[in-house]
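The values are calculated or read from the model by the stated rules, or taken from the named source; none is laboratory data. Remember, it's a predicted structure, so these values are computed and weren't measured experimentally. FYI the Cβ positions are ideal-geometry reconstructions off the backbone, even for glycines, and counts take in every protein chain you see.
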């Protein structure tokens, strides 16, 4: 159940990053004379920074080295960005697809592949290591110990009752 909740949190945060990406893309597309690719790249960078920051803290609860984690994410985007920029330009500029829909397709591909990449490569060994995750583990352990004491006390037979 913990992993299901992690996936839900990831995609909720990714959806907020998607709003940032779509909003900034729409703004740049409408107010600048630029083609698809510069609008897309700027919007993508803004959403990546948002997504990385909040998923690191709230989804993966990672205390790993931020520069190293960012370099790993940069490696993902070193592959994804050229592909998605080419693919987006091919569809939008070359085939007349609306930039909005091309961006939605890129966001869907990005969301799924980046979750898997971050879950297993970027944060895989450091999941649940930040302060809030450690506090939560300590609280759960204390609650479990207390519940075990209560259960033991309820099942124990008092000596005075057994002596009668």
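Number of residues in segment 84-107 that are within 21 Å of residue 15 (Cα to Cα) and in a helix (DSSP H, G or I) equals 12. For residue 78, indicate whether it is assigned to a helix (DSSP H, G or I) and either at pLDDT 90 or above or touching a strand residue (DSSP E or B) at 6+ places or on another chain (Cβ under 6 Å) (or both). It is true that residue 78 is assigned to a helix (DSSP H, G or I) and either at pLDDT 90 or above or touching a strand residue (DSSP E or B) at 6+ places or on another chain (Cβ under 6 Å) (or both). In segment 118-161, of all residues being exposed (fewer than 10 other Cβ atoms within 10 Å of the Cβ) and part of a loop (DSSP other than H, G, I, E, B), the one that is farthest from the chain's Cα centre (by Cα) corresponds to 158. Note on segment 23-41: residues that are part of a helix (DSSP H, G or I) and either more than 19 Å from residue 81 (Cβ to Cβ) or free of Cβ contacts under 8 Å to residues at least 40 places away in the same chain (or both) amount to 8. Just checking, does segment 108-117 include any residue being in a helix (DSSP H, G or I), buried (at least 18 other Cβ atoms within 10 Å of the Cβ) and at pLDDT below 90? Yes, there is a match, as at least one residue in segment 108-117 is in a helix (DSSP H, G or I), buried (at least 18 other Cβ atoms within 10 Å of the Cβ) and at pLDDT below 90. Residues of segment 1-22 that are farther than 8 Å from residue 47 by Cα and either in contact with a strand residue (DSSP E or B) (Cβ under 8 Å, 6 or more places away or on another chain) or in contact (Cβ under 8 Å) with a residue 40 or more places away in the chain (or both): 6, 7, 9, 10, 11, 13, 14, 22. The residues listed here are 43, 26; of these, the one that is buried (at least 16 other Cβ atoms within 10 Å of the Cβ) and closer than 27 Å to residue 94 by Cβ is 43. Here residue 69 clears all of (1) closer than 19 Å to residue 116 by Cβ; (2) surrounded by fewer than 16 Cβ atoms within 10 Å (Cβ to Cβ); (3) touching a residue at least 12 places away in the same chain (Cβ under 8 Å) except the condition numbered (2).
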